[in-house]
Amino acid sequence: MITLDETMWDFLPFAVFRCDTNGQLISGNKMLARFLGRGSIEELLSGGPTDKFSWYDDPVLAEQVVAEIENNGSVLELEVRLASGDGKARLVKECSWSKETPDGMVLEGLFQDLSERDYFHEQLQQTKDRMEDCAVSSSEWFWEMDDDLRFTWMSNSVETIVGRPPEWHYGKSREDIGLPNVDPEDWDDHLGRLKRREAFSDFIFHRTDPNGVRWFKTSGVPIFDNAGEFLGYRGIGADITQRIEAERAAERARDLLFNAVEWLDESFVLWGPDDRLLVANRRFRELNAGFSEFTKPGTRFRDHIRAGLRAGGYPEAIGRERDWYRLRLTQHRHPSGPFELERQDGRWLLIHVQKLRGGSTAVIGTDITRLKEVEMLKSDFVSSVNHDLRTPLTAIKGSLDLMQSGAVGVIPEKMSNMVEVGARNANRLIKLVNDLLDMDKIRSGQMRFERELLDLTSVVRRAVESNQPYAEQFNVHLDMTGPTKGKATMVEGDELRLTQVMTNLLSNAAKFSPEGGGVEVIVGAVNGTARVSVVDHGIGIPDEFRQRIFSRFSQVDGSDAKRRGGTGLGLAISKAIVEAHGGSIVFESAMGEGTTFNVEIPIAARGVTRGGARGGAREVTSGIEKGAA
């Protein structure tokens with residue numbers, strides 16, 4: 001028989017009650033009043049509810065409890081929900097019994113609060129649901145094993161991932177499911193960890209199913225009870241097929257890129273942000289075979305260059321090693337464009353240095369040995385033209401001019417025609433030779449300019465006058481007009497070269513003008529620049545030719561153009577000369593209506609005087625950038 005000392009009721013962590021056989025409350029403790037939503041037991045006794053069986057949230061359960069007590073009269077234990085005064089049901093464990101007292105039979109008992117247990121169960125379930133949701137959304141599943149290393153639980157997401165429901169795995173070991181495709185040594189190591197009850201992380205394996213190869217990874221930790229007894233494992237698994245496939249695709253791409261770089265004809269080397277060698281291809285290693293120890297990953301750039309100097313790898317550095325070394329460091333750290341580099345075996349490289357995002361430096365060397373040889377041949381050819389062709393041509397032209405002038409006597413009419421043809425062809429050859437020499441000077445940056453203060457209007461007028469006889473051969477008249485026809489337009493320039501530009505433009509305009517037509521030459525000033533416009537009313541420039549009109553050896557196709565002659569170099573030379581003066585040359589053209597070429601040159605600054613306020617005429621040896629044309 002259970003006996004509760006009523007004087008101790010308020011100190012118990014339970015709700016205690018005593019009722020008569022009809023369930024009417026006789027007495028209770030503070031905890032009971034609180035369970036039922038009252039401030040004190042007195043308030044509960046006076047205000048109710050005092051009927052014990054009305055406390056149950058489920059009326060059917062109340063009837064069962066009454067019947068149980070009446071039939072058995074023994075101790076009753078069950079979980080019930082009490083209807084609290086605040087409208088909320090409280091989960092409790094009831095333990096009650098009947099008891100004989102001097103006043104008769106009574107019903108005693110107690111309620112133990114289980115709401116916290118219910119709360120924790122609910123939180124545990126929510127946590128479990130969260131984990132399950134995360135597993136589903138991230139291609140992962142959770143699992144547990146017993147102490148015999150057999151699966152006892154898996155999250156529902158495993159079915160979506162591996163195609164088998166959780167229950168299919170229960171009671172099975174990894175071997176029962178099927179040994180994973182993995183290196184035997186890795187598998188033995190994994191089994192050893194399991195037998196030693198050690199945690200494992202990211203064990204990767206793959207399986208083959210009808211859909212192809214699937215890759216997985218799994219991690220787990222051992223579980224022990226409070227006494228240290230091994231209970232099994234708990235862990236997580238994940239499908240990493242996409243990751244593995246992406247890694248393999250990236251690896252294939254890296255291999256492909258590496259092979260492409262490795263077998264480039266160009267030398268390639270990549271220096272890291274710390275200027276240490278990261279990657280170098282076969283061509284780079286071949287070029288530096290004489291000091292191969294300094295072509296390996298990790299080599300510092302300055303050590304590589306110093307090794308090359310010691311090995312004589314840079315002929316142009318011999319005798320000035322210190323200065324050359326400093327220049328090479330500057331070219332590497334602060335690249336300003338490609339540069340040429342001679343190597344020990346006579347080969348020439350065009351070096352391109354490119355700074356990359358993140359601080360790395362890529363260096364590509366293109367073998368230009370053959371181009372250098374061609375340049376040398378061309379230079380020899382131009383020299384031969386200069387000395388072996390122009391000199392005799394000048395003598396021939398002089399002789400023909402003398403014959404035409406009658407200085408050697410009267411020549412027969414038939415011979416006179418032949419002399420005239422010879423003189424005309426000699427002039428054409430001399431112009432071709434001169435154009436070739438000018439183009440070579442432009443390309444090498446060696447065209448010389450004698451700059452002085454010039455009246456551009458006067459320069460243009462003299463050019464018009466000197467080219468008028470040539471225009472008359474085509475029955476074309478050159479006419480100088482414009483707002484500054486009689487006014488000075490001062491520029492700084494080389495009169496000979498500017499006259500050469502005007503001669504090219506005027507002769508072209510005359511050649512392509514209709515017979516009996518005219519060419520207008522207009523001199524003016526626009527926005528601080530002097531402008532010369534040469535306007536013809538000829539056939540115009542075809543659309544397909546306009547993009548390459550200033551290219552070398554460019555001529556309009558057609559028999560008429562060929563009949564009119566020309567080297568195809570005049571406009572290319574003219575453009576280079578104008579740009580060397582800080583100006584520009586452009587054109588406008590309409591088929592059947594004519595063409596206008598506009599040359600603009602900056603007007604001389606104030607304070608410059610003819611003949612030397614700035615030191616007189618001054619010579620510029622490299623007035624045009626190398627390769628500008």
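Nothing in this text is a laboratory measurement; each read-out follows from the coordinates by a stated rule. In this text, all values refer to a predicted model and were calculated from it rather than measured experimentally. Neighbour counts run over all protein chains shown; Cβ positions are idealised from the backbone, glycine included.
Give the calculated FRET efficiency between Asp103 and Glu79 to the nearest 0.05, with a Förster radius of 22 Å applied to their Cβ-Cβ distance.
0.10
Quick one: check the C-alpha center-to-center distance for the range 94-113 versus the range 203-247, whole angstrom.
56
At a Förster distance of 45 Å, what's the computed FRET efficiency of Lys88 paired with Ile177, Cβ-Cβ distance as r, to 0.05?
For R0 = 45 Å, the calculated efficiency reads 0.40.
Where the centre of each part is set by its Cα atoms, how far does the range 139-159 sit from the range 341-382, in angstrom?
65
Ranked highest first by the average count of other Cβ atoms within 10 Å around their residues, in what order do 187-200, 450-463 fall? Show your work: numbers first, answer last.
Working: 187-200: 13.0, 450-463: 19.3.
Highest to lowest by the protection proxy: 450-463, 187-200.
What nm value, rounded to one decimal, do you get for the distance between Arg234 and Ser201 when each label is placed 7 Å out toward the C-beta?
Placing both labels 7 Å along Cα→Cβ, they lie 1.9 nm apart.
Full-extension gain between Arg546 and Leu350, please, as 0.36 nm times their residue separation minus the C-alpha to C-alpha distance.
So the extension gain works out to 67.4 nm.
Would you calculate the separation in nanometres between label points at Thr369 and Arg150, each defined as 7 Å from the Cα along the Cα-to-beta-carbon direction?
Simple spin-label model gives 7.6 nm for this pair.
Taking 28 Å as the cut-off for C-alpha to C-alpha distance, list the pairs among Lys397/Lys511; Lys372/Lys441; Lys195/Lys217; Lys397/Lys441; Lys355/Lys441 that go past it.
Flagged as over cut-off: Lys355/Lys441.
Simple spin-label model, 7 Å along Cα-to-Cβ: Asn475 to Ala227 in nm?
12.9
Can you tell me the relative contact order of the range 212-285? Whole percent, Cα pairs under 8 Å, sequence separation 6 or more. Let's see the in-between values first.
Details: 80 pairs, mean separation 15.4, N = 74.
Worked out over the range 212-285, it gives 21 percent.
Work out the FRET efficiency for Val408 and Ala525 from their Cβ-Cβ distance, taking R0 = 51 Å, and round it to the nearest 0.05.
On the way: r = 51 Å, r/R0 = 0.99.
After rounding to 0.05, the efficiency reads 0.50.
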